[in-house]
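The values are calculated or read from the model by the stated rules, or taken from the named source; none is laboratory data. Just so it is clear, the model here is predicted, and its values are computed rather than measured. Neighbour counts are summed over all protein chains in view; Cβ atoms, including those assigned to glycine, are modelled from backbone coordinates with ideal geometry. We work out accessible area using only protein heavy atoms, side chains counted, and drop any ligands, DNA or RNA first. Shrake-Rupley method; radii C 1.70, N 1.55, O 1.52, S 1.80 Å.
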Amino acid sequence: MTDAESPRLATEDDFPEMTALLDRYFAYERYGMAARLPFCYDSERSDRHAVIETDGEIVSHIAAVPQTLVVGGDTVECWGIGGVATDKRYRGDGYMSQLLEFWFDRMDDAGVPLSELSGNRQRYNHFGYENAGAELRYTISERSFAGTPEAVADAVAVYEGGDDRLEVLRELHGREPYRVRRDRKRSRITFGQRGLETLVYEGADGPAYLSLTRESRSRTIEEFGGSERGVETLLGHVLAMYDLNDLTARVHPRHPLDEVFHRHSRFWQQRPHRKLNVRDLPALLEAFESQLERRWLDRGRTERGDVTLALEDSDAAVRLSYGPDRVTVERVTGEPDVALDRLSMTALLFGFHDRQREVRRRDPFLEAMLPLQFYIWPTEHV
């Protein structure tokens, strides 16, 4: 018999044992997870980590990291789930389920609208997570440049933690319409994480940057920003200076610089971006109200109407009303027009255009406005 305790929040004293468990299954090096994801594994924020002990030993862990997603002109609170690990000797005992339910209770108590994670779709479907959003992956080649890519060493520098370049990076990233909101401390931590190299261009074409993985000859651009010509110049610089097998860029399909990567790509593919779990539907749609209104008005639609949505296991419904001059989101009671389980609601709101097609066709607003747009840069995946 083993003596297993219920899930509890970790303490600062738990961190060495807790991270040792994670390093065995993810980083394969001592203190690897803390170095690679420093914005997640901070011993001063032990309240972001839940553990289960068995016979006095930490054998299971899940982190829930609060994030504020910028979605155009508004923000939405989203807790990222990460570090899902159970000692192989204790798998099958339901510890992952207990820890996820532990965090769901806290999300619901805090009124958190949304949760996100990566990982196996079938594994997390059971808990309400479904594929959401889209991401393009471009394979970049020097052959797609009009001439031979050129190095511009006099205008490109590697970010090494200096305050001046950090402010340039913060200013450029702050222009992104879809991102995780960062303060100065989080910006420094993000750009300084192990395995990431950030190149900053400060030439006449306007500042720009690329953040690339750095531990093999197959590199991935995981974050970028700035002027179109500056980003294009950085691409040429990387191809000219680095001895690479492959260069891949991960790009939000609606990013203003998407065309730069498309123009210089050998081929591309579209993938689901993250997995989302809708926790509080009215709060979620209230957060996206400005995005919905802006996109509806930009399209010049003239229809008038409303549609009410709800989760099947919730009494909270939300009505979307629309017309030629405005869109409103309102919490209501009563029978909804569309009631879906969590997986289907995520597919409706954030899935590829072919998901929940029949539901979208019921109403012109749903058909025109969905999916909702969000993006979490790979540099900040928890």
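Figures for the structure shown
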quantity: Farthest positive-ward along region 118-183 dipole, Cα basis, beta-carbon charges - from H173, A153, Y124; calculated: Y124
quantity: Residue among D109, D42, D74 with the largest mean-square fluctuation in a Gaussian network model of the chain, springs linking Cα atoms under 10 Å; calculated: D109
quantity: Cα gyration tensor shape of region 37-192, rounded if a/c is under 1.5, else prolate or oblate by comparing a/b with b/c; calculated: prolate
quantity: MRE, 222 nm, helices only [DSSP H, n ≥ 4, -39500 (n - 2.57), over the chain, to nearest 500]; calculated: -8000 deg cm²/dmol
quantity: Pair H353, Q193: separation of 7 Å Cα→Cβ label points (nm); calculated: 3.2
quantity: Pairwise label distance in nanometres, S314 with T75, each label 7 Å out on the Cα-Cβ vector; calculated: 2.1
quantity: Calculated SAXS-style log₁₀ I(q)/I(0) at q = 0.21, 0.22, 0.29 Å⁻¹ - region 246-310, Debye, Cα scatterers; calculated: -1.03, -1.05, -1.28
quantity: Shape of region 159-280, Cα gyration tensor, a/c cut at 1.5; calculated: rounded
quantity: R0 of 35 Å, Cβ-Cβ distance T11-E215: FRET efficiency to nearest 0.05; calculated: 0.60
quantity: Residues in region 148-170 that a label on D205 would reach, taking backbone N under 15 Å of a point 7 Å out along Cα→Cβ; calculated: 148-157
quantity: Of all accessible heavy-atom area on region 226-361, the percent that carbon and sulfur account for (1.4 Å); calculated: 41
quantity: D108/D258 FRET efficiency (R0 25 Å; Cβ-Cβ; nearest 0.05); calculated: 0.10
quantity: Two-site FRET efficiency, E228 against T302, from Cβ-Cβ distance with R₀ of 35 Å, rounded to 0.05; calculated: 0.55
quantity: Gain upon complete extension [T333, A153; 0.36 nm per residue less C-alpha separation]; calculated: 58.6 nm
quantity: Prolate/oblate/rounded label for region 321-368 (Cα gyration tensor, a/c 1.5); calculated: oblate
quantity: Spin-label pair F267/R361, simplified geometry with 7 Å Cα→Cβ offset, distance in nm; calculated: 3.2
quantity: Within region 87-140, trypsin sites (Lys or Arg not before Pro) in DSSP loop having at most 14 other beta-carbon neighbours inside 10 Å; calculated: R91
quantity: Relative counts (whole %) of C-alpha pair distances in the chain, using bins that are 10 Å wide; calculated: 5, 21, 28, 25, 16, 4, 0
quantity: Full-stretch length increase - R89, N125 - with 0.36 nm per residue and alpha-carbon distance subtracted; calculated: 10.5 nm
quantity: Set of region 1-45 residues, backbone N closer than 15 Å to the point 7 Å along the Cα-Cβ line of S97; calculated: 7
quantity: DSSP-loop GluC sites (Glu not before Pro) across region 206-251, with at most 13 other Cβ within 10 angstrom; calculated: E215
